[in-house]
1. Within segment 337-345, is there a residue that is open to solvent by 30 Å² or more (accessible area, probe 1.4 Å) and over 24 Å from the mean Cα position of the chain (by Cα)?
2. Out of ILE135, ILE170, ILE200, ILE177, report the one residue that is modelled with pLDDT under 95 and open to solvent by less than 40 Å² (accessible area, probe 1.4 Å).
3. Only one residue in GLU42, GLU12, GLU2, GLU31 is open to solvent by 10 Å² or more (accessible area, probe 1.4 Å), in contact with a strand residue (DSSP E or B) (Cβ under 9 Å, 6 or more places away or on another chain), without any contact (Cβ under 8 Å) to a residue 12 or more places away in the chain and over 24 Å from GLU120 (Cβ atoms), so which one is that?
4. Of the numbered conditions (1) over 17 Å from ARG147 (Cα atoms); (2) modelled with pLDDT of 95 or more, ASP84 satisfies every one except a single condition; which is it?
5. Please report, ordered by residue number, the helices (runs of 4 or more DSSP H) entirely within segment 129-223 with at least 2 residues that are touching a helix residue (DSSP H, G or I) at 6+ places or on another chain (Cβ under 6 Å), among the polar types (S, T, N, Q) and farther than 30 Å from LEU75 by Cβ.
6. Of the residues that sit in segment 220-237 and are aliphatic (A, V, I, L, M) and touching a residue at least 40 places away in the same chain (Cβ under 8 Å), which one is farthest from ARG252 (Cα to Cα)?
7. Go through PRO127, PRO111 for me and flag whichever is open to solvent by less than 10 Å² (accessible area, probe 1.4 Å) and either within 32 Å of the chain's Cα centre (by Cα) or not β-branched (Val, Ile, Thr) (or both).
8. Considering only segment 248-271, I want to know if a residue exists there that is out of contact with any Gly (no Cβ under 6 Å at 6 or more places or on another chain), modelled with pLDDT under 95 and basic (Lys, Arg).
Amino acid sequence: MEYAVIFGKNPELSEAEFRAFARRFGIRFSELERSREWLVFEGPKKVEHLFHRLGGSLKLVRLVDGIEELEYSKLFTVSFYGKDDWKLWRKLGSDVKRHFRESGPAKFFKPRNVYAMPAELILKGFPEVRDVVFIFGRREWIGETVRVADPFELKKLDVERPRQRAILSIPPRLARIMVNLSEVREGKALDPFCGVGTVIQELLLQGFDAYGSDINPSIVNAAKENVAWLKKEFRVKRSAHLEVCDAKKLHRCFRGRFDLIVSEPYLGKPLRKKPTRGEAVEMARKLDSFYFPVFESFSRVMKRNGRVVFVFPAYRLSDGSIYRRERGWLRRLDFEVLGRYLDFEERHRVVRDIHVLRYRG
């Protein structure tokens, strides 16, 4: 079948996640066309059943050959990608409406932009309320949204859990992306800087044997509260193994070896202003003196060819550029860099530099 996936606010990271997700779940697809915001492909229906496991994509669209193949809907909207033209939006919306009225009464609602966001669709009654999609690339693609990301679930995982750490916690969306970037489907997974348990939550939701640790006992207790809440609210049967442990001494806390480590560590003190290049180099150098023994510890608890998805700090500089440190010491410790991806917003001074690594051990 032919589909289109619509990427989220960080398209480069979203595309990397989608391709890793496809490899992770054995979804073989053929690319038909792509742009920065979307990818059109031919693939199996299996992608519909697994789409909810993506963190960085907004919609999955099932493509058709023309308007006449769209299934009837009493209430619908129209989403445009590749063009920003309200007049054309209204014209094509009217064309769809005329087609639907051959089967019964129909009307379409105006989204905030020329495309409907997942939250708008869910609040209107998706999937009963349809989202007819037009994608303008080398050719015009037409389809219907069949899956959307659920922002309300992600919000619940973030702000409705009993224990929170505003600003300091990784977003649930990013935790999901990082798990997919690993391409690891199952097994033992560890977050050695677990905080209140955002990554642990995602590991449990995706069926891993989840382990976590933090050096702060009160934070580990907070993570345990959140795991208990997750099991109740999301009907998760598995539990997590959480320990108070120094990330530099993991072998003392955990038996056996891990298939996967996913973590965001301490990234340094908050910055009041954008640093110069020299200041950024010095901050990164000092933090590397902490990260090096952490990765030495990883090497003692990881399986051969196990994966690590780890956030290092990068910096938005006063001249507008971004400083990303090269860490040759990773290879000396037998960690091969498979990919690097930035995740940030315009207001951020410290930027997430996500590394996907393989332990060659």
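The values are calculated or read from the model by the stated rules, or taken from the named source; none is laboratory data. These figures come from a predicted structure and were not determined experimentally. Heads up, the Cβs are rebuilt from the backbone with ideal geometry, glycines too, and the neighbour counts pull from every protein chain shown. Areas reflect the complete protein model, heavy atoms only, side chains present, ligands, DNA and RNA absent. Shrake-Rupley method; radii C 1.70, N 1.55, O 1.52, S 1.80 Å.
1. Looking through segment 337-345, none of the residues is open to solvent by 30 Å² or more (accessible area, probe 1.4 Å) and over 24 Å from the mean Cα position of the chain (by Cα).
2. The match here is ILE170.
3. GLU31
4. That leaves (2) as the condition not met.
5. Where helices (runs of 4 or more DSSP H) fall fully within segment 129-223 and carry at least 2 residues being touching a helix residue (DSSP H, G or I) at 6+ places or on another chain (Cβ under 6 Å), among the polar types (S, T, N, Q) and farther than 30 Å from LEU75 by Cβ, they are 198-205.
6. Step by step, filter segment 220-237, then rank; the result is LEU230.
7. PRO111
8. Taking every residue of segment 248-271 in turn, at least one turns out to be out of contact with any Gly (no Cβ under 6 Å at 6 or more places or on another chain), modelled with pLDDT under 95 and basic (Lys, Arg).
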